[in-house]
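Encoded as structure tokens, the structure appears first; notes follow it.
Every read-out reported here was derived from the displayed coordinates using simple, explicitly stated rules and does not represent laboratory data. Since the structure is predicted, the reported quantities are computational estimates derived from the model, not experimental observations. Quick reminder, even Gly has a Cβ in these numbers, built from the backbone with ideal geometry, and neighbours come from all protein chains shown.
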Amino acid sequence: MSSRASVKRKRRGEETQVSRATVLCAYCGEREGDEGEHVFPRSWYPESTPQTVQYLKVPGCRPCNQRWKKIEEEFRTEFLMVVSPLGVEAEGLHDKFTRSINPDFATEDKEKRHRAAKAMKILKTMAWVPAVAGAPQVTIRTPSGLFVRASPVRRIEKRVLNRMAEKLMRGLHYAKTHEVLGPLTVHSRLVRPEDGHDPTMAPVLEYLGQLPPDEALAPGLQYRRHDQTGLVVWDFLIWGGVRIISFVTRPG
């Protein structure tokens, strides 16, 4: 190899190292983005996911990645308790989640105790309503001793809902523009069937329904985005069963 070629290769290597060293975290824009972060969490895909599915990653720092991981785990527990296990989109998700809280699938005693405690915490906070078609159903015993079919109901904390939506929008925005979003004020809500008759939500849902969804991360995530002066509206559909509308403004 000629000395000139060696010099060029060395320069290219140095340029690559500098470029990597100066990439900032896509979420905070302050620390070095020396870790990859999946925009749509890798843990939310079932084991049956085809190898052809693309996992979108953006640069992230360790503090941001750890913070988002906690939010992802909180949100995952809630939405998997209510999303239908019958949908093709979510096939395999419930089995994966069930194993994650089943002590029988743990190999160490510490992990078995952790899973058992997690399962008990979830059971203690469950609420049940008469069986809903298309929703998960189980047989429960009522206080009077009757065994009936019921569907689970969960109330996702506003904090978790807003932070999960923010995580998605920051990652998606960076993937499209390579720009880090500054401070945001996020107001999110889960979309329920009755919202289609709500005079304040029905026009919003109707308008968003006319926008073509971005399906690059489907079937796990489909989303729409509408920009107007002073306001951005994001519409997320997760595994075909959980829909979130987020209204976003920038302070000041």
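Measuring between their Cα centroids, region 188-213 and region 121-174 lie 21 Å from each other. From helices alone, the chain scores -11500 deg cm²/dmol at 222 nm; the rule is -39500 (n - 2.57) for each run of n ≥ 4 DSSP H residues, then divide by the residue total. Rounded to the nearest 20, the Cβ-based charge dipole of the chain about its Cα centre (Lys and Arg +1, Asp and Glu -1) stands at 840 debye.
Between the beta carbons of Val132 and Gln54, assuming R0 = 41 Å, the FRET efficiency works out to 0.75 to the nearest 0.05.
Which entries of Lys57/Lys110; Lys96/Lys121; Lys121/Lys176; Lys118/Lys176; Lys57/Lys124; Lys110/Lys158 have Cα-Cα distances beyond 29 Å here? Result: Lys57/Lys110; Lys121/Lys176; Lys118/Lys176; Lys57/Lys124; Lys110/Lys158 exceed 29 Å. Relative contact order, whole percent, for the chain stands at 17, derived from Cα pairs under 8 Å and 6 or more residues apart. In this structure the amide hydrogen of Leu56, modeled in the peptide plane, comes within under 5 Å of the amide hydrogens of Val39, Phe40, none closer than 5 places in sequence on its chain. Under a Cβ-only charge scheme (Lys and Arg +1, Asp and Glu -1), can you give me the dipole magnitude of region 159-249 about the Cα centre, in debye to the nearest 20? Around 360 debye, computed over region 159-249.
Normalised size of region 159-249, defined as Cα radius of gyration per 2.2 N^0.38 Å with N residues, equals 1.05. Taking the chain on its own, what percent of its Cα-Cα pair distances exceed 30 Å? The proportion of pairs with Cα distances above 30 Å equals 39 percent. By other beta-carbon atoms within 10 Å, ranking Trp234, Trp128 with the fewest at the front produces Trp128, Trp234. Couplings for region 183-196, taken from phi via the Karplus curve 6.51 cos²θ - 1.76 cosθ + 1.60 with θ = phi - 60°, read x, 10, 10, 10, 10, 10, 8, 6, 8, 10, x, 6, 5, x Hz in order; Gly and Pro are left as x.
Gain in length, Val148 to Asp214, computed as 0.36 nm per residue apart minus the alpha-carbon separation, to one decimal in nm?
So the chain would gain 19.7 nm between Val148 and Asp214.
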